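The values are calculated or read from the model by the stated rules, or taken from the named source; none is laboratory data. Bear in mind that the values here come from a model prediction, so they are computed numbers and not experimental data. As a convention, Cβ positions derive from the backbone with ideal geometry for all residues, glycine included, and neighbour counts pool all protein chains shown.
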Amino acid sequence: MQENMAHSPNRQFRPLPVPSVTVEGFWGSWQDAVCEHTAATLLDRCVEAGMLRQVDPDQPSPGIVIPIVTWLGTPQMFWDSDLAKSIETIAYSLYRKPNPELEARADAIIDLYQRLQDPDGYLNSFFQRIKPEWKWTNLRDFHELYCAGHMIEAAVAYYQATGKRKFLDVMCRMADYLVRMFGRGPGQVRGYCGHEEIELALVKLARVTGNRAYMDLARFFVDERGQQPNFFIEEAIRHGRDPKGVQKDTLGYSQSHMPVREQTKVVGHAVRAMYLYSGMADIATEYHDDSLTRALETLWTDLTQKQMYVTGGIGPAAANEGFTDYYDLPNESAYAETCASVGLVFWASRMLGRSPNRRYADVMEQALYNGAIAGLSTDGRTFFYENPLESLGHHHRWVWHPCPCCPPNIARLVTSLGSYIYGVADDEVAVHLYCRSQARIELANGARFTLSQDTDYPWSGDIGLTVEAEAPARFALSLRVPAWARGPRLAVGGEAVDLTEASADGYVRIEREWQPGDRIDLSLPLEPRLLRAHPAVRQDAGRVALMRGPLVYCLEGADNGVGLNSILLGSGAGEARTANLPDLGGAVVLDLPVQRERAEAWGDDLYAEKERATEPDTARLVPYHLWDNRQPGEMLVWVREARG
């Protein structure tokens with residue numbers, strides 16, 4: 001076996017198209033829930049909200065349905081993005097499970113958008129049908145480019161899943177319009193969107209169409225952001241607005257306070273930041289831009305070492321839907337928007353574009369399995385917007401929201417998961433995530449094969465990979481070994497591989513001529529482990545969190561009754577016993593011996609010089625992403641640690 005650990009700095013890893021990967025097992029069940037319930041639910045609730053009346057040129061303009069708010073706009077401006085993400089979800093669901101009725105509904109909406117589009121290519125239902133006089137007057141707040149980005153992503157997905165070009169052609173015309181409008185040339189606008197999204201969408205469009213102008217425009221939006229004079233200040237003056245009245249009183253809210261390569265601290269609105277960094281990472285990969293990569297590495301360290309919840313949730317504050325200060329990670333009031341964790345998955349996956357590195361893939365997995373998927377119920381019908389790490393029993397899933405960005409965002413992530421499992425370079429395949437799946441791959445060096453994973457991950461850490469090809473094929477295969485795995489084992493064709501010798505950046509890279517039927521066996525022990533927070537995280541002082549593999553576990557009232565903060569964990573995680581819980585689809589739960597504080601032994605005093613009275617008990621912990629799928633009740637991630 002020949003080992004080659006060197007990673008070329010100019011190597012480009014790109015995701016596989018969703019139709020190239022069939023997902024089964026754990027994530028297959030989630031995809032089925034989206035196909036059977038969520039996809040149609042999203043569209044139904046968009047229609048109920050009145051979104052189609054805004055798009056349909058044959059109906060009278062509905063006017064302002066959601067009132068104007070303090071930032072001069074209305075969430076109604078985002079409706080195109082909500083419909084677009086719903087269509088994107090439908091596209092991926094159609095690939096997995098054909099649904100002629102749902103496809104016809106999506107086709108009908110696409111027809112409306114085609115008819116609505118202006119001759120010059122401009123397309124935005126709010127500014128065409130509700131407030132045409134506001135068109136391009138407030139890029140900071142009005143989300144025109146953001147909506148275009150989501151519609152572009154939907155068009156790419158619908159083309160890849162169905163082969164139909166209509167929506168793709170519509171959005172190419174819009175993108176051509178944007179190429180003419182924005183830039184540094186004579187008469188062009190040197191602006192960018194207050195809510196990033198267009199950047200990563202244009203990269204997707206460029207990759208599927210081969211039109212480099214779209215990629216160059218994405219690069220322009222990244223490079224121009226935060227340059228002086230600041231566009232948002234100049235725009236406000238030009239339209240008679242107070243230049244100091246930037247949203248949330250700071251340009252940092254939209255990461256436009258300084259050029260992106262000079263930013264060292266993650267600030268502002270969490271979802272906007274994640275979308276910006278995702279676009280930056282795409283551009284770094286496509287243009288081999290080390291200056292962007294260096295900036296992103298600094299920002300990554302800032303986020304993951306000082307501002308991220310153990311669940312991969314980010315953005316603790318509701319006031320700005322984003323970041324506050326270092327180590328400020330409250331649990332019960334945590335905002336941790338579902339969209340923000342979805343965005344972190346986006347960013348992490350794109351950081352893998354230049355080479356496999358578990359620094360990014362481990363966090364992608366952490367956010368995916370905890371902070372993101374918690375936003376969707378197991379039946380695919382209800383949702384979380386905020387994802388706290390503690391609840392007294394008053395936080396529950398909801399059917400819809402005035403700003404319904406999270407439901408279609410988590411749904412499109414789930415149904416497109418196949419594109420996050422693998423990264424493909426000219427002569428190498430990186431396996432970032434473990435999931436029962438089959439990936440149909442054709443490399444630039446001519447190798448064609450199917451790479452199959454057989455596993456019950458994340459419930460089991462045993463993973464078998466098989467190369468299925470008609471003829472021998474030479475390429476490199478890089479497998480992630482998570483940092484949490486203690487004592488992992490790897491064998492190729494039954495021959496053990498020394499992981500300490502073969503690993504680079506947390507991946508074992510095996511380059512050889514693969515024979516049809518070659519098998520790799522990887523074992524990642526899933527031992528429960530206790531985590532403690534940095535001492536500066538005051539909210540977690542004296543508490544521990546329990547993880548098993550990639551999963552964060554929590555206490556729920558459904559298993560442990562009321563008063564979860566009375567539970568004291570005195571022993572290590574080694575005493576945990578696993579069980580399968582039918583109520584949660586057979587999920588692996590953990591039973592631990594604990595002490596329970598007896599409030600009734602305290603008496604009536606609010607404060608007293610008393611020792612606490614405890615008694616032995618057993619606590620059951622369930623995967624955090626599954627909480628609030630049974631009867632309502634309390635929930636707690638960070639458990640009090642017994643001392644002495």
Could you list, in sequence order, the residues of region 570-612 that are of a type in the set (S, T, N, Q) and surrounded by 13 or more Cβ atoms within 10 Å (Cβ to Cβ)?
571, 595
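Residue-by-condition table, conditions (1) modelled with pLDDT under 95; (2) over 32 Å from the mean Cα position of the chain (by Cα):
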{"site": "585", "(1), (2)": "yes, no"}
{"site": "600", "(1), (2)": "yes, yes"}
{"site": "635", "(1), (2)": "no, no"}
{"site": "640", "(1), (2)": "no, no"}
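From the list 378, 382, 450, which one is closer than 20 Å to residue 87 by Cα and of a type in the set (Val, Ile, Thr)?
Being closer than 20 Å to residue 87 by Cα and of a type in the set (Val, Ile, Thr) holds for just one of 378, 382, 450, which is 382.
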Mind listing just one residue for me: the one in region 356-383 that is outside any helix (DSSP H, G or I), in contact (Cβ under 8 Å) with a residue 60 or more places away in the chain and on the phi < 0 side of the Ramachandran plot and, of those, surrounded by the fewest Cβ atoms within 10 Å (Cβ to Cβ)?
379
Any idea which of 453, 539 is surrounded by 14 or more Cβ atoms within 10 Å (Cβ to Cβ) and assigned to a helix (DSSP H, G or I)?
539
So, residue 228, is that one on the phi > 0 side of the Ramachandran plot and polar (S, T, N, Q) or not?
no
Would you mention how many residues in region 158-193 are part of a helix (DSSP H, G or I), at pLDDT 95 or above and either out of contact with any Phe, Trp or Tyr (no Cβ under 6 Å at 6 or more places or on another chain) or within 16 Å of residue 111 (Cα to Cα) (or both)?
16
Note on residue 129: of the conditions (1) in contact with a helix residue (DSSP H, G or I) (Cβ under 9 Å, 6 or more places away or on another chain); (2) within 30 Å of residue 417 (Cα to Cα); (3) surrounded by fewer than 20 Cβ atoms within 10 Å (Cβ to Cβ), unmet is (2)
Residue within region 307-326 that is polar (S, T, N, Q), over 13 Å from the mean Cα position of the chain (by Cα) and farther than 22 Å from residue 257 by Cα present
no
Return the total of residues in region 384-441 being among the basic types (Lys, Arg) and buried (at least 22 other Cβ atoms within 10 Å of the Cβ).
1
In region 409-450, which residues are more than 20 Å from residue 351 (Cβ to Cβ) and part of a loop (DSSP other than H, G, I, E, B)?
427, 436, 443, 444, 445, 446, 447
How many residues, within region 122-140, are assigned to a loop (DSSP other than H, G, I, E, B) and under 30 Å from the mean Cα position of the chain (by Cα)?
7
Within region 297-321, the residues that are part of a strand (DSSP E or B) and out of contact with any strand residue (DSSP E or B) (no Cβ under 8 Å at 6 or more places or on another chain) are 317
Residues that are buried (at least 16 other Cβ atoms within 10 Å of the Cβ) and under 30 Å from residue 640 (Cα atoms), drawn from region 486-526
524, 526
Output the residues belonging to region 462-500 that are free of Cβ contacts under 8 Å to residues at least 40 places away in the same chain, closer than 25 Å to residue 24 by Cα and aliphatic (A, V, I, L, M).
490, 491
With the structure loaded, tell me whether residue 325 is assigned to a loop (DSSP other than H, G, I, E, B), surrounded by fewer than 24 Cβ atoms within 10 Å (Cβ to Cβ) and not assigned by TED's automatic domain parsing to the domain that holds residue 636 or whether it fails that test.
yes
Residues of region 470-490 satisfying the condition of being more than 23 Å from residue 423 (Cβ to Cβ) and either modelled with pLDDT of 95 or more or of a type in the set (Gly, Ala, Ser) (or both)
471, 487, 489
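Out of 80, 58, 44, which single residue is without any contact (Cβ under 8 Å) to a residue 24 or more places away in the chain and in a helix (DSSP H, G or I)?
44
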Search result, residues across region 74-108 that are of a type in the set (A, V, I, L, M), crowded, with 23+ Cβ neighbours inside 10 Å and under 14 Å from residue 47 (Cβ atoms)
83, 87, 90, 106
